[in-house]
Amino acid sequence: MARRRAGADSYPARLQKSVHRARIALRKSGVDYFRGDGSDWIALAGLLLTIPAITCGTLMNAVWCAPAALVLPIVAGGLLLRPASLLGLYAAAAAALIVEAIALGPYGQGPARVTPGTVLVVAACGFFGLVLAQFRARVGVPWRRGGTMLFDLRERIRVQSALPRLPQGWHREMALRPAGGQSFSGDFVVAARTNGGRTLEAVLTDVSGKGMDAGSRALLLSGAFGGLLGSLPPHGFLPAANAYLLRQDWDEGFATSIHLVLDLESGDYELLSAGHPPALQLHAGSGQWEEKAAEGPLLGVYDGAQFDAVKGSLAPGDVLMLFTDGLVEASDRDIAEGIDRLTGEADRYVVTGFDGAAWHLIEACAKDVNDDRALLLLSRRS
């Protein structure tokens, strides 16, 4: 027993355990650093090693490795390091500039010297790097996680706006174009099949603001609206959504919304609106478009708001379009002109069918509009 313990405590065994612990610690530090949770000593050590390397290159050949090359680790440090570590890097860069200035001689004796302009460039880069690092520290989101969080935000909005599959004989599609070509929009859709799958409930919402400014609020509201949808009777959804917005107490906290409740067996539907543009229904029998305008105030304006429903029915061949005001309203035209243009473009798809029509209608009617645009299209096959 004592011999086995002595073997376990031998020098090779202890060395192996130490190497294993160091490897685990290094791997954990790397993972934590990538996630933005760990120390930045690895990046600091790497950047500190680049400073003497750049200094040696400058002293050997100042023409090809100019003294201003010290801005490279400074810029990288502004992206990678915390403010306290960044100050240490700046101290090393300042010491390197002093060494280069002494070794290369006065800047008046020839090119590739440490000039006042070089010092100003390095100092300016250090200042902006420090401002950036302090901003990241105040927000609490390292740059390595910032892009991941924005990507996750965009994907969550996209997933929450996915439409459920419909039974045979129904076609649905959704197209969304944020303002300015951004990835975030204040327009979103939440939809669910309720009543044992017989009923489709879909809510198209336009949050005040546009693009990135409205993206965070759209994510919050889409999650809340998705939880309310199907958990309340259809006529209770908009009052509950209105109360939720009022509780947020946002400075710019209003939204427009339209709620569709569609019976997938009979084709009968109800529309409830909160200050939203009217829906459009194409009657296959007559080939005419009809506006379906429900009455109701904006969400988040005042408590106790009432929302009155308008009813309709989709016969085989009929089409129903829900859209936000960015698709039909612009500074150089009113909403009536926009609706006329939308229905005129939609008439092109009556014969060929409306597959893929939502995206093309946005392109045709509001391609260059600086506003979020969304279109939800439902059709009942003949």
- Between the range 261-317 and the range 66-127, how many Å separate their Cα centres? 65 Å
- Note on the structure: The percentage of the accessible area of the range 274-369 (probe 1.4 Å, all protein chains present) made up of carbon and sulfur atoms, to the nearest whole number, is 47 percent
- Task: Let me know the shape class of the range 166-253, please: from the alpha-carbon gyration tensor, a ≥ b ≥ c as square roots of the eigenvalues, rounded when a/c is under 1.5, otherwise prolate if a/b is greater than b/c, or oblate.
- Result: oblate
- Which whole-Hz couplings ³J(HN,Hα) result when phi for each residue of the range 118-123 is put into the Karplus expression 6.51 cos²θ - 1.76 cosθ + 1.60, θ = phi - 60°, listed in order with x for Gly and Pro? 4, 4, 5, 5, 5, 5
- Judged on accessible area alone, 1.4 Å probe, highest first, Leu298, Leu47 line up as Leu298, Leu47
- Query: Listed highest first by mean packing, meaning other Cβ atoms within 10 Å per residue, what order do 13-23, 254-264 come in?
  - Reply: 254-264, 13-23
- What the 5 Å binned alpha carbon P(r) of the range 214-288 shows, as percent of pairs per bin from 0, is 3, 12, 21, 23, 17, 10, 7, 5, 2, 0
- Message: Restricting to Cα atoms and excluding each atom paired with itself, what does the Kirkwood estimate give for the range 342-382 in Å?
- Response: 11.0 Å
- Query: Which one of Gln168, Pro278, Gly267 has its Cα pushed farthest toward the positive end of the charge dipole of the range 166-302, where Lys and Arg give +1 and Asp and Glu give -1 at the Cβ?
  - Reply: Gln168
- Reference-scaled alpha-carbon Rg (2.2 N^0.38 Å with N residues) for the range 288-382: 1.20
- Item | Those aspartates and glutamates that a straight Cα-Cα span of less than 17 Å connects to Lys311, excepting residues fewer than 8 apart in one chain | Glu201, Asp263, Glu265, Asp268, Glu270, Glu290, Glu291, Glu295
- Whole-number accessible area per residue in Å² for the range 258-302, which is evaluated in the context of all protein chains at 1.4 Å: 37 Å²
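The values are calculated or read from the model by the stated rules, or taken from the named source; none is laboratory data. Because the structure is predicted, anything quoted here is derived from the model rather than measured. Methodologically, a virtual Cβ is constructed for each residue, glycine included, from the backbone with ideal geometry; neighbour enumeration extends over all protein chains shown. To get the accessible areas, we keep the full protein, side chains included, count just its heavy atoms, and leave off ligands, DNA and RNA. Shrake-Rupley method; radii C 1.70, N 1.55, O 1.52, S 1.80 Å.
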